[in-house]
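Shown next, in structure tokens, is the structure this report addresses.
The values are calculated or read from the model by the stated rules, or taken from the named source; none is laboratory data. Note that the structure is predicted; figures quoted are calculated from it, not measured. Here Cβ is always computed from backbone atoms with ideal geometry, including for glycine, and neighbour counts include all displayed protein chains.
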Amino acid sequence: MTKNNDEMIEIECDLCGHIFFVKRYGGRRCQNCRWVNIEYAVEHPDEVVLNNFVTFNRAKKLYAEGKPLESSFEEFMEVLRQYGEVEFRYRGERYGIIRGDVKTGKDIVLFDTTTQEELGLYSSYEEFVRYANIGGKLLADIWDEVVGVDELQ
């Protein structure tokens, strides 16, 4: 006997058109392009939607160019504002960011997830953008080398 919420349905990926099966009420990550199919993302193609961390319009462009669906620095900052706990990889190392106050971004902590060493404490988004760095290099300046933006695990 199959529970109703285990029923498999066929969907077409909004981004790449790949047809795949998912549980009716389960995740909708395309196995082909890794896009998480969320109706809201298609309806608001210039907004960053959690689980994808890149706008739908930008994702379409990246996919068409054969590039990975990686966040721009601006998209990353929007994810930080929305979610508050994110991680990423830079030169093989994992880093995390935890945000304190939701509205102001007060107390944003950048840290090395392996050593748990705090690399910076910032009192606002503006201060974070202006001063957050890894090894003396501003995060905004090295962003093209950052990969794997995700929820903090």
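How many of the residues making up segment 70-83 are in contact (Cβ under 8 Å) with a residue 12 or more places away in the chain and either over 10 Å from the mean Cα position of the chain (by Cα) or under 24 Å from Y25 (Cβ atoms) (or both)? Spell out the reasoning first.
Kept after step one, since they are in contact (Cβ under 8 Å) with a residue 12 or more places away in the chain, are these residues of segment 70-83: 70-73, 75-83.
Subsequent filtering for residues that are either over 10 Å from the mean Cα position of the chain (by Cα) or under 24 Å from Y25 (Cβ atoms) (or both) retains 73, 81-83.
Residues meeting the conditions: 4.
Name the residue, out of G96, G66, that is on the phi > 0 side of the Ramachandran plot and at pLDDT 90 or above. First the steps, then the outcome.
Working: G96 fails: on the phi > 0 side of the Ramachandran plot.
Going through G96, G66 in turn, just one is on the phi > 0 side of the Ramachandran plot and at pLDDT 90 or above: G66.
The conditions are (1) assigned by TED's automatic domain parsing to the domain that holds E145; (2) surrounded by fewer than 19 Cβ atoms within 10 Å (Cβ to Cβ); (3) modelled with pLDDT under 95; (4) in contact with a strand residue (DSSP E or B) (Cβ under 7 Å, 6 or more places away or on another chain), and V86 fails exactly one of them. Which is it?
For V86, the exception is condition (2).
Of the conditions (1) surrounded by fewer than 17 Cβ atoms within 10 Å (Cβ to Cβ); (2) in contact with a helix residue (DSSP H, G or I) (Cβ under 7 Å, 6 or more places away or on another chain), F53 clears all except one; give me its number.
Only one criterion in (1) surrounded by fewer than 17 Cβ atoms within 10 Å (Cβ to Cβ); (2) in contact with a helix residue (DSSP H, G or I) (Cβ under 7 Å, 6 or more places away or on another chain) is unmet by F53, namely (1).
List pairs: first residue in segment 26-55 and over 18 Å from E74 (Cβ atoms) and outside the structural domain of E87 (by TED's automatic domain parsing), second residue of a type in the set (S, T, Y) and surrounded by 16 or more Cβ atoms within 10 Å (Cβ to Cβ) anywhere in the structure, Cβ distance under 9 angstrom, at least six positions apart or on different chains.
C33/Y63; W35/Y63
Tell me yes or no: at least one residue of segment 116-139 is farther than 23 Å from T55 by Cβ, in contact (Cβ under 8 Å) with a residue 40 or more places away in the chain and surrounded by 14 or more Cβ atoms within 10 Å (Cβ to Cβ).
yes
Regarding segment 60-77, can at least one residue be identified that is of a type outside the set (D, E, K, R), loosely packed, with under 14 Cβ neighbours inside 10 Å and in contact with a Leu (Cβ under 9 Å, 6 or more places away or on another chain)? Before the answer, list the steps.
Step one: of segment 60-77, the residues of a type outside the set (D, E, K, R) are 62-64, 66, 68-69, 71-73, 76-77.
So of that shortlist, the ones also loosely packed, with under 14 Cβ neighbours inside 10 Å come out as 64, 66, 68.
Keeping just the survivors that are in contact with a Leu (Cβ under 9 Å, 6 or more places away or on another chain) gives 68.
Yes, because at least one residue in segment 60-77 is of a type outside the set (D, E, K, R), loosely packed, with under 14 Cβ neighbours inside 10 Å and in contact with a Leu (Cβ under 9 Å, 6 or more places away or on another chain).
Residues that are touching a Gly at 6+ places or on another chain (Cβ under 9 Å), at pLDDT below 95 and in a strand (DSSP E or B): does segment 120-137 have at least one?
yes
Go through segment 44-73 and report how many residues are within 13 Å of V146 (Cβ to Cβ) and of a type in the set (D, E).
So the answer is 1.
Acidic (D, E), over 16 Å from the mean Cα position of the chain (by Cα) and under 21 Å from D144 (Cβ atoms): does that describe E7?
Working: acidic (D, E): yes; over 16 Å from the mean Cα position of the chain (by Cα): yes; under 21 Å from D144 (Cβ atoms): no.
So E7 does not fit the description; no.
Collect the residues in segment 68-117 that are in a helix (DSSP H, G or I) and in contact with a helix residue (DSSP H, G or I) (Cβ under 9 Å, 6 or more places away or on another chain), keeping them in residue-number order. Full working, then the answer.
Of all residues in segment 68-117, those in a helix (DSSP H, G or I) come to 73-83.
The answer is F73, E75, F76, M77, L80, R81.
Among I108, I97, which is surrounded by 13 or more Cβ atoms within 10 Å (Cβ to Cβ), farther than 25 Å from C16 by Cβ, touching a Ser or Thr at 6+ places or on another chain (Cβ under 9 Å) and among the β-branched types (V, I, T)? Lay out the reasoning, then the answer.
Values: I97 fails: touching a Ser or Thr at 6+ places or on another chain (Cβ under 9 Å).
The conditions single out I108.
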